[in-house]
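These notes are about the structure you will find just below.
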Amino acid sequence: MSEKEALGDTKLNEEQTKENNVKLEAGDGAKHAEDQVQLDGQEKLLPTRLYKRRWMIVLLFSSYSLCNSYQWIQYGIINNIFMKFYNVDAFTIDWMSMIYMLTYIPFIFPVTWLLDKKGLRVVAIVATALNCAGTWIKVASVRPNLFAVTFLGQLFCSFAQLFILGMPSKIASVWFGSDEVSTACSIGVFGNQLGIAIGFLVPPILVPNVDDMDELAHHISVMFYITAGVATLLFILVVFVFQERPKIPPTQAQATAYSIPPEQYSYISSISRLLRNKPFILLVITYGLNVGCFYAVGTLLNHMIIEHYPGEEVNAGRIGLTIVIAGMVGSLICGIWLDKTKTYKQTTLAVYFMSLVGMIVYAATLSLGHLWVVFITAGALGFFMTGYLPLGFEYAVELTYPESEGTSSGLLNCSAQVFGIIFTICQRKIIENYNTLAGNIFLCVFLLIGTIITGLIKSDLRRQNANLLAKAAAEGQMSGQDYGATALISELQTPSSQA
């Protein structure tokens, strides 16, 4: 299970060491590799180790991510019930979902700066504290004249999301080996997806559409109390269990990153390098288009289902559940596939294209009058559309190594929130002025654009190159010669076959 431990005192000769160190990483990584060797003062690879605790860390993260993402959709999926209880219009309830997107856009940069400066533990504590506070504010808002209070609670939860969405790839890189990072990232995203799934399923069950306002207030109160209890437990667990990072890094890529002195890292310079990275910018656009479509579909799902199948609030939630559960399966399969094959561009392009196909089929079958057909087509859509989430995260880390995973993930999510707000508002207006088919065709057009742009992304797998070169150097040291390492270095310096 573990990576190679520190090699003994065996050293390469001076010329071999100079050659391997200079060529240790591709692109920007070379500079950091040279700094590492100079700072370490040794002509050997740094020790690496995998800890069993890594699974507890990623599962705890997934749990509090679940609790937060559940609240994103808990109002929207019973949109008509909350409209009646608080006496507000549908667009106002839409903002209970869109506030998650809106708060992310201006605040993601200071949050990613905090993640880089203070680390995983501080960010995890802040996230769970904000989420816990938001749930208890909602508990105090169960009266028809207190919509502003329930909105405040949702605002707190939306700020908590800022400290959650960019974490999966960071946790995967900091805690997991090179053959596990995609799977670990998928597990991190898995929690977010499962929370959305529960958000689709549970509110329609806990809060039935009854006319008696006192009974309705009781049902809403029960839902809010359950959420607050879970959020409080998770906050306590994070405070006492969540650890910043392992004592010994899991991979040579992380060992190299650890060796960079904090004073040599500039957050502004990192952002600048990312914005000049053309393949990454194309990925930011395509990720935003895909995930933005998912946000719009999730926010307006209740409205679309009720329009064609009146009185089916519970089945609307079950269809949402089907979308996300299928996506969770897709995420795990894609994560395992990437760890085995490292075919980032091919897999991302294939999943993106199938998301487009799934959206076309879903749009064409929604109005046929058969709910079982909608369940099947929605499941197929979810398998690919939400299964794409961890692919985008991991592909971004590969394209941007050795930049901070939190920063690259933050930019991806910022793009998703921008497109999510635009698509939700536009699709709502199109549905109201025309019909649901026109609104879904609107999303299909942008998924087609995203598929084309994904095909134009040049694949430059910097993190994989760094790990492969480090392993080649280790084999060269163990055999007393570096012929194999030099051959691999020459091969990796040629243009990527995936480009």
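Annotations for the structure displayed:
- Residues in region 54-72 that a label on PHE240 would reach, taking backbone N under 15 Å of a point 7 Å out along Cα→Cβ: none
- Tensor-based shape of region 332-380 (alpha-carbon gyration tensor, a/c under 1.5 rounded, otherwise prolate or oblate): oblate
- All C-alpha to C-alpha distances of region 91-243, sorted into 10 Å bins beginning at zero, yield P(r) values of 10, 34, 35, 15, 5, 0 percent in whole numbers.
- Cβ-based charge dipole, region 309-396, positive-most Cα from TRP337, THR377, ILE323: TRP337
No value in this document is a laboratory result; all are computed from the given coordinates. Only a predicted model underlies this, so the values are computations on that prediction, with no experimental measurement involved. Here Cβ is always computed from backbone atoms with ideal geometry, including for glycine, and neighbour counts include all displayed protein chains.
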